[in-house]
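One structure is given here, and the rest of the page talks about it.
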Amino acid sequence: MKKINRFISLAVVLLMLTAAAITVHKSLFNHKIGQTAAVETAEAETCDTITTLADGSEIIHTAGLPGTIGGYAGNVDLDIHITDGRITSVEALPNTETPSFFKRASVLLDSWNGETPEDALLLKVDAVTGATYTSMAIIRNVNVGLNYYEGQAAKAQSVDPAAATPWKIWVALAVTLAACIVPLFVRNKVYRTVQLAANVIVLGFWCGQFLDYALILKYISSGVALPAAIVGIVMLVAAFIYPLFGRPQHYCSHVCPLGSAQELAGKICGYKIRISARTLKGLDMFRKLLWGALMLLLWADCLTGWVDLELFQAFQFRSASIGIIVAACAFIALSVVVSRPYCRFVCPTGSLFKTAERAGNS
């Protein structure tokens, strides 16, 4: 009966997330839904992939081209402007990427200016640290659009995504797999400290790989693009599938870089503030009410920007806002004397995972 309840819990949460993704992004697994779909269909009927203007200049529209990929939180559609055989600008269309991350990645948009389409395809443009997913999408989609323009649509679709995937994602995958597998067999304080440090340094600061609402909703609304999303998929397995087989909170306890940072901070000092049972109950109730309110905002499509304000973004400090960085530092400092305060009393993503484990029991 307990295992059945776990499956019910997971199904309930997946339905809740699906409703939120449809409401916020108006799509499900990259299929537009409702009025947005009708508008998109009408635009597709009246807009070619390549538009020729009165002055002879051309615009390549990457939206809908086979082979394009999404960024961190959704599609990254581009318009590539060509005049007299040379690229004059690459324009990003409205998207659902985290604004601070997209601002950082958008410096790439000028990388192809002045080049012919043929020469532009030979350029080696590197992803921007701190906005890896978004910058990878920009680079990939520019190349897909230019290949189409050059009459090489088949080549655009056949480009191996693995070849364009930064090698550090494979390092992140190794760290994530270690965090998912080794704790099942090894209980060692030294190993755990090393794993926590790897989670913080590699997954957090270096690669920016973690689960949050923005990423989960993006996967549901836009689908996943492999191999770039492989780390996120493994993390989702730890978060949602492990509890079905008796490993609750495995992601939060063993993989999450912010949880790892808080636990490492807690090792600095042996003293911990004693919190009364009544206060703990009140803080837990606050966490649940906060999570419920935030879910209602998603379903109402109101103030949905909160998904870009989770403290995980602080690891990408070059792109994150000062407020997020300060808040993250404050919680980590508090972790010295209070065990994992953000995880236990605030984290919306952690609350989502807990609900996925327990909803069927209520």
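Scanning segment 153-180 for residues that are surrounded by fewer than 16 Cβ atoms within 10 Å (Cβ to Cβ) and either on the phi > 0 side of the Ramachandran plot or modelled with pLDDT of 80 or more (or both) gives W170, A174, L177. Among residues of segment 290-305 being part of a helix (DSSP H, G or I) and free of Cβ contacts under 8 Å to residues at least 40 places away in the same chain, the one that is nearest to T96 (Cα to Cα) is G305. Answer yes or no: is there a residue in segment 252-264 that is out of contact with any Asp or Glu (no Cβ under 6 Å at 6 or more places or on another chain), without any contact (Cβ under 8 Å) to a residue 40 or more places away in the chain and over 26 Å from L15 (Cα atoms). Within segment 252-264 (the criterion being out of contact with any Asp or Glu (no Cβ under 6 Å at 6 or more places or on another chain), without any contact (Cβ under 8 Å) to a residue 40 or more places away in the chain and over 26 Å from L15 (Cα atoms)), the answer is no, since none of the residues qualifies. One residue stands out among those in segment 73-103 that are hydroxyl-bearing (S, T, Y) and under 13 Å from the mean Cα position of the chain (by Cα): the one that is nearest to N143 (Cα to Cα), which is T96. In segment 282-289, is there at least one residue being surrounded by 19 or more Cβ atoms within 10 Å (Cβ to Cβ), in a helix (DSSP H, G or I) and of a type in the set (F, W, Y)? No, every residue in segment 282-289 fails to be surrounded by 19 or more Cβ atoms within 10 Å (Cβ to Cβ), in a helix (DSSP H, G or I) and of a type in the set (F, W, Y).
Residue-by-condition table, conditions (1) more than 16 Å from D77 (Cα to Cα); (2) modelled with pLDDT of 85 or more; (3) not charged (D, E, K, R):
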position: L93; (1), (2), (3): no, yes, yes
position: A105; (1), (2), (3): no, no, yes
position: D110; (1), (2), (3): no, yes, no
position: G114; (1), (2), (3): yes, yes, yes
position: A120; (1), (2), (3): yes, yes, yes
position: D126; (1), (2), (3): yes, no, no
position: T129; (1), (2), (3): yes, no, yes
position: T134; (1), (2), (3): no, no, yes
position: I138; (1), (2), (3): no, yes, yes
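Of all the criteria given as (1) at pLDDT 95 or above; (2) on the phi > 0 side of the Ramachandran plot, the one not satisfied by G208 is (1). Listed by first and then second residue, the pairs with beta-carbon distance under 8 Å, at least 6 apart or on different chains, first residue in segment 1-17 and at positive phi, second assigned to a helix (DSSP H, G or I), form an empty list.
The values are calculated or read from the model by the stated rules, or taken from the named source; none is laboratory data. Here the structure is a predicted model, which means the values were calculated and not measured. Every residue, glycine as well, gets a Cβ built from its backbone with ideal geometry; the counts of neighbours run over all protein chains shown.
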